[in-house]
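Laboratory data are not the source of any read-out in this text; all were calculated from the coordinates shown. Source: prediction; values computed, not measured. Positions of Cβ are generated from backbone atoms using ideal geometry, with glycine treated the same way; all protein chains shown enter the neighbour counts.
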Amino acid sequence: MEKILKELNEAQKEAVTHIDGPLLILAGAGSGKTKTLTTRLAYLISNGIPPSSTLTLTFTNKAALEMRNRALSMIGSVPYPPLLCTFHKFGLLFLKFHIDKIGRKNSFVIIDTNDKKRIIKSIDEELPPSSVASEISRYKNSLISPQVALERAEQVVYKKIAQIYKKYEEYTKENNLVDFDDLLALTYKILSEHQDIKEEISERYQFIMVDEYQDTNELQYKILKLIAEPRNNLCVVGDDDQSIYGWRGANIKNILEFEKQFKDVKIIKLEYNYRSTQKILNAANNLIAHNRNRLGKTLKATKEEGEEVKILHSQNESAEAASIAKRIKELINKGVYYNQIAVLYRINALSRSLEEGLNRENIPYKMVGGVKFYERAEVKDLIAYLRVVMNPNDDFSLKRIINKPKRGVGKVAMNKLENAAFENKSSIYQILQNRDLLKKLVTKKAYEHLTKFSDDLEELREKADEASYYLLEELERRFKLREFYASLPEAYEKIANIEEFMGYYQDYLKSNTQSSLEDFLNEISLESDQDQISDDSVCIMSVHASKGLEFDYLFVIGLEEGFFPLIGEGTDIEEERRLGYVAITRAKKELTLSYVDSRFFRGKRSNLTKSRFLKETGLIKGSLNLEKSTPYKKGDLVKHKIFGIGRVLSVSKVKREFKLKINFGGTHRDILANYVERI
DNA sequence: TGGGTCACGGTTTTT
DNA sequence: CCGTGACCCA
């Protein structure tokens with residue numbers, strides 16, 4: 001342990017060796033946050049604290065995994081390992097033991113956001129399901145019941161949402177479904193209503209640590225408050241300057257007011273940055289200094305001065321992509337590896353032009369983020385099949401697969417089945433087994449399909465236990481899923497995903513011999529892609545997706561007003577600035593900030609001005625001209641979709657747009673600048 | 001029921 | 001511009 005402590009700087013050491021009492025570690029980007037946290041865990045254990053009485057909470061599985069590996073490498077293997085998991089996993093474990101306290105069975109099924117939207121849509125057709133879903137999330141995270149929501153609602157829309165919320169809660173209870181918010185909300189409910197359970201948990205976890213504390217929401221804070229307060233040993237790590245999830249409920253106040261919310265808080269700032277060059281840190285510090293709502297700290301460089309931060313100015317997105325591709329090629333020729341290079345953007349839509357540019361130069365790249373493996377339709381279908389095998393009365397999953405492959409069950413038949421199930425107070429599966437009734441309900445063809453379907457399922461269920469390893473293959477064989485997906489668009493990819501899932505399932509069974517199918521299903525519902533960035537390709541991703549990562553050579557594109565900062569309804573400019581800060585601090589050696597004069601977005605081209613953030617970093621001097629400027633001048637060659645290629649004769653201003661007089665092979669036309677592209 | 005066509009709307013993302 | 005979903009007809 002002594003040796004390990006020697007590797008830390010003073011502030012880190014102070015944080016690691018602080019044992020009792022609440023501790024707030026303000027850890028700037030690249031300041032050795034994970035190292036400090038994992039070392040502290042090891043330190044506690046080496047000081048005689050039983051590993052099993054510690055609890056370390058993270059937001060992502062990736063972070064949990066990394067911390068676990070690092071901590072275990074320091075402490076070695078122990079019979080009762082420390083609990084180190086995501087907040088939601090903690091909720092899941094808790095509910096498995098205690099959900100019966102609120103009259104529910106622990107065989108619940110976890111539903112994801114898409115499932116949630118589907119349920120909402122089946123309740124209400126008018127309001128956009130995603131808005132309703134996030135509104136319900138907000139209620140749950142503020143512990144507002146449907147009744148209270150209804151009472152408080154003043155506008156008609158909110159009354160309606162409250163009613164949907166009520167029905168949604170009834171539906172999920174009825175079908176024993178638990179959504180992501182419930183994992184926390186129900187945990188809180190049980191903890192707050194059952195003093196004995198709360199005491200038991202507080203007693204068990206006497207030392208609690210939380211990573212990325214700036215991302216906690218109200219509910220997470222309340223849970224922590226309940227279980228940590230008796231012992232008052234709560235150590236949180238975070239960076240208020242990297243709070244970028246306000247829009248999904250993260251409450252930056254949790255970190256800003258931590259000192260007030262717990263007694264005798266000690267605050268330690270980690271300000272030495274071990275990642276970036278001084279020049280890069282200067283840009284980051286300058287930018288974030290423009291925020292008012294912060295605790296305030298300045299990153300100090302430990303690395304060399306480094307090269308100047310580069311500003312790349314291009315006419316449009318294709319020129320931008322071409323320049324970046326060219327620059328990447330140069331780096332590769334100098335011996336840099338692709339995976340030390342990344343390109344970041346504020347919105348995913350900007351990836352397209354970038355991808356085109358990289359493809360043109362045959363630069364291998366990997367898009368981090370995007371559609372998650374377990375969210376892909378075909379994978380979710382398989383999961384639904386497994387869920388039905390496990391519990392045929394899971395109507396929700398059954399509905400997903402009843403017509404996959406097509407069994408002639410459309411909207412009409414589905415309605416009949418659901419109504420029959422409702423009237424008989426049974427599950428849909430039970431209706432399928434009631435052959436006399438089923439025959440009356442659906443067409444002859446559908447009847448034949450459905451009887452075969454339920455017979456197959458029944459046989460599979462009998463076999464499920466003894467041959468779980470072959471379950472998926474058997475499933476595939478009986479329901480001809482491969483054949484079904486082969487007939488759909490993007491068949492190759494879908495089948496590859498199915499095979500990957502099958503492989504994953506068998507691996508899981510191999511390494512978790514004592515686990516049940518149920519365990520497997522619960523496990524994966526909380527898992528997203530574990531993106532490995534190890535293969536040799538350039539990483540391209542949103543700034544959000546880049547959090548926690550670092551790259552030697554970094555490009556940030558789209559630094560234009562409106563795009564970054566992204567201006568829209570409810571823009572929080574300080575959060576945008578924090579995003580800029582996160583983006584910049586991902587760079588280790590070389591940073592290029594890029595902006596364009598004109599960008600094609602959502603089917604139209606618009607003229608843009610450079611982002612205010614460029615000036616705020618201190619990289620561009622002078623006041624920023626927010627007035628739109630034309631990227632065109634007399635003599636430029638341009639291309640029009642219909643008229644083809646022409647040469648600009650003159651530029652004039654009409655309202656806020658620029659009008660160009662263009663010579664298309666002898667014919668002169670007046671055209672707005674937005675409708676042409678520079679070549 | 002299900003294939004085909006058209007209109008519409010479209011940040012950021014983890015669990 | 002591109003993907004999703006509603007709606008219509010065979």
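At a glance:
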read-out	value
Contour minus Cα-Cα distance for A:K3 and A:S107 (0.36 nm per residue)	32.7 nm
P(r) tail fraction, the stretch A:433-566 - alpha-carbon pairs more than 19 Å apart, %	71 percent
Calculated over the stretch A:320-405: convex hull of Cα atoms, volume per residue (Å³)	145 Å³
Debye, to nearest 20: dipole size of chain A, +1 on Lys, Arg Cβ, -1 on Asp, Glu Cβ	2520 debye
Cα gyration tensor, the stretch A:394-476 - rounded (a/c under 1.5), prolate or oblate	prolate
Radius 9 Å from Cβ of A:A64, net charge of other residues (Lys, Arg +1; Asp, Glu -1)	+1
Debye equation applied to the C-alpha atoms of the stretch A:86-194, log10 I(q)/I(0) at 0.21 Å⁻¹	-1.15
Whichever aspartates and glutamates have a C-alpha closer than 15 Å to that of A:K334, once near sequence neighbours (fewer than 8 apart) are set aside	A:D552, A:E590
Over chain A: helical MRE at 222 nm, DSSP H runs n ≥ 4 each giving -39500 (n - 2.57), nearest 500	-14000 deg cm²/dmol
Restricting the stretch A:520-624 to trypsin sites (Lys or Arg not before Pro) in coil, as DSSP defines it, with at most 14 other Cβ within 10 Å	A:R602, A:K621
Cα-centred dipole magnitude for the stretch A:49-138, charges only on beta-carbon of K, R (+1) and D, E (-1), debye, nearest 20	320 debye
Cross-link table A:K198/A:K263; A:K380/A:K547; A:K140/A:K266, entries beyond 24 Å C-alpha to C-alpha	A:K380/A:K547; A:K140/A:K266
Spacing of the two label points (7 Å from each Cα toward its C-beta) at A:N359 and A:T571, in nm	3.1 nm
Added length on full extension, which subtracts the Cα-Cα distance from 0.36 nm per residue, A:S52 to A:K121	20.5 nm
Spherically averaged projected area in nm², based on the convex hull that wraps the Cα atoms of chain A	35.7 nm²
Largest-first principal axis extents, alpha carbons of the stretch A:158-229, Å	42, 29, 19
Estimated dipole of the stretch A:235-274 in Debye, rounded to 20 [Cβ of Lys and Arg +1, of Asp and Glu -1, Cα centre]	180 debye
Surrounding net charge for A:N512, when Lys and Arg each add one and Asp and Glu each subtract one, Cβ distance under 13 Å	-3
Pairwise FRET efficiency - A:T17 versus A:L226, Cβ, R0 = 45 Å, nearest 0.05	0.95
Reduced Cα scattering model of the stretch A:137-281, Debye log10 I(q)/I(0), q = 0.11 Å⁻¹	-0.56
GluC sites (Glu not before Pro) restricted to the stretch A:392-469 and DSSP loop, no more than 15 other C-beta within 10 Å	A:E466
Two-site label geometry, A:K326 and A:L509: point separation in nm, points 7 Å out along Cα→Cβ	5.6 nm
Calculated diffusion of the stretch A:370-512, Stokes-Einstein form, Kirkwood radius summed over Cα pairs, 4 °C and 1.567 mPa s, µm²/s	82 µm²/s
FRET efficiency, 1/(1 + (r/R0)^6) with R0 25 Å, evaluated for A:A377 and A:E483 via beta carbons	0.95
